[in-house]
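The values are calculated or read from the model by the stated rules, or taken from the named source; none is laboratory data. The structure displayed is predicted, hence computed values, not measured ones. Using ideal geometry, Cβ is built from the backbone for each residue, glycine included, and neighbour counts are taken over all protein chains shown. Surface accessibility is based on the protein's heavy atoms, side chains included, excluding ligands, DNA and RNA. Shrake-Rupley method; radii C 1.70, N 1.55, O 1.52, S 1.80 Å.
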Amino acid sequence: MPLTPMRTWNNTKQLSNHSRVLRYIFRNQPVSRSEIVEDLSLPRSLVTSITASLISQGVVTELGKAEALEDGALGRRRLLIGIRPQARFSAGVEIGSRHFRFCITDLAGNVHRELCYAPSEEQIRRVNQSIVSGVEQLLQESGIPRDKILGIGVALPGHLNQASGHMVTHSALWDDFNSHILAEEMGFPVTAENNVRAMAYEKYLFDIQSCPEDFALLHVGAGIFCADFRGGVLTEGSYISGEIGHTISNPEGQRCECGKTGCLQTYASESWLIKKAQRIWQYNPHSALRQIVSSPDAITQETVLDAYRLGDALVVQEIREALRYLGITAANIAIILGAQKLYLHSRMFQDDMLRDDLKALIEEQLSFVGAQEAEDVSILDFNPWRAAVGAAALAIDRLFISRSS
């Protein structure tokens, strides 16, 4: 499949005023009508009409009076409104070669039901049917009426060709996936996105207290990818946009699976760290890895971290090198994008020592611009459900908020 350019959902059409108001309430609740009028520069009568419609639909509710007085209105307190979390629900799905994850969330991101399993070759080969089965199982177990489900979001180990509905990836594993056919089979609207870009939606829609409108999320897993939100919009680009793992860290380094040499992927991704640990197990009879697993094929990312904690010299060396290149990359992203916040997410950062070391490396790289920029880099707690929950957030934003009228 050719790597033709893609465009983001939010830029394919302008949001209606109804959608703008609804998204503003999602992101700023509890909020007053006067704040919406002022910040969106909309007529008061229009905001009153839209919020009345949202309240009548049961999506928005009045939350009572604000404690502070409204500016310019002596003795008058603002009436606050917010989203009713259980007015609607969304299904989120993450597919990958190691796991399929399914969840149902409400409009606030509260997970009401979840399912996870390691897929068989047949379940991967017939991935559309696997998604249908997983979502139907969750619906039956949750007892949530079908008419309360606004749609399904799918987090992909690749990118979506919006025109064809197929996944753009170099792996033939996912040839069966098609979002258009999936929507027909499910009877629900379906939207899909790269898994890390879905993770960014989880931050944007479900972490409104701390997540700004401009931010980037760098995820280190089997691959390394960066998603970028600007002004509440996931930035557009080609299918290679965000593939930070395939930027060059060392031109004299090892050959990457993409064909180039010295990609960041070859130093810091889970897949390459595991590959290097397998080599250590094979050629170093005194490695701590041999105390943990009986064969190199049994090595996982957790195994690598365990060997690191046990002080295996070669494993420590590989992880230190990975951290060094990740620190440089994170600092470069912070400098180039200039986002209000840069989030880092990886299973590797579960270890407190590695977190602290990475933070110190980033601070060192950003020392020339002052302490604030380093403070704007946040290492997230690792959450294996972040992409699936993010897919549910993706569906809420694209299939509900953006289509509101």
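So in the stretch 107-125, with the set limited to residues that are part of a loop (DSSP other than H, G, I, E, B) and open to solvent by 60 Å² or more (accessible area, probe 1.4 Å), which one is farthest from L394 (Cα to Cα)?
A118
Against the condition over 27 Å from S210 (Cβ atoms) and either open to solvent by 10 Å² or more (accessible area, probe 1.4 Å) or at pLDDT 95 or above (or both), how does N332 come out, does it pass?
For N332, the condition - over 27 Å from S210 (Cβ atoms) and either open to solvent by 10 Å² or more (accessible area, probe 1.4 Å) or at pLDDT 95 or above (or both) - is not met.
Please give the helices (runs of 4 or more DSSP H) falling wholly within the stretch 253-363 in which 1 or more residues are touching a residue at least 40 places away in the same chain (Cβ under 8 Å) and under 24 Å from the mean Cα position of the chain (by Cα).
Filter on the stretch 253-363 gives 265-268, 270-283, 301-309, 313-337.
Being modelled with pLDDT under 95 and not in a loop (DSSP other than H, G, I, E, B) is true for just one of L150, L173, L218. Which residue is that?
L173
Out of all the residues in the stretch 335-348, which are crowded, with 21+ Cβ neighbours inside 10 Å, under 26 Å from K275 (Cα atoms) and of a type outside the set (S, T, Y)?
Correct list: L344, H345, M348.
When the stretch 176-215 is examined, which residues are found to be assigned to a strand (DSSP E or B) and of a type in the set (A, V, I, L, M, F, W, C)?
V190, A192, F215 - these are the residues of the stretch 176-215 that are assigned to a strand (DSSP E or B) and of a type in the set (A, V, I, L, M, F, W, C).
Has the stretch 368-387 got any residue that is surrounded by 21 or more Cβ atoms within 10 Å (Cβ to Cβ) and assigned to a helix (DSSP H, G or I)?
yes
So N178 fits all but one of (1) modelled with pLDDT of 95 or more; (2) over 24 Å from R88 (Cα atoms); (3) within 20 Å of the chain's Cα centre (by Cα); (4) of a type outside the set (V, I, T); what number is the exception?
Only one criterion is unmet by N178, namely (3).
Out of I244, I181, I208, I240, I need the residue that is more than 19 Å from P157 (Cα to Cα), open to solvent by 10 Å² or more (accessible area, probe 1.4 Å) and touching a residue at least 12 places away in the same chain (Cβ under 8 Å). Which one?
The match here is I208.
Could you say whether any residue in the stretch 249-263 is out of contact with any Pro (no Cβ under 6 Å at 6 or more places or on another chain), crowded, with 19+ Cβ neighbours inside 10 Å, at pLDDT below 90 and within 23 Å of L337 (Cβ to Cβ)?
No, the stretch 249-263 contains no residue that is out of contact with any Pro (no Cβ under 6 Å at 6 or more places or on another chain), crowded, with 19+ Cβ neighbours inside 10 Å, at pLDDT below 90 and within 23 Å of L337 (Cβ to Cβ).
Conditions tested, residue by residue: (1) modelled with pLDDT of 95 or more; (2) under 27 Å from V233 (Cβ atoms); (3) in a strand (DSSP E or B).
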position	(1), (2), (3)
L63	no, no, yes
D71	no, no, no
G75	no, no, no
R78	no, no, yes
S97	no, no, no
R101	yes, yes, yes
T105	yes, yes, yes
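When residues of the stretch 134-175 are filtered for being closer than 18 Å to R101 by Cβ and open to solvent by 60 Å² or more (accessible area, probe 1.4 Å), how many remain?
4
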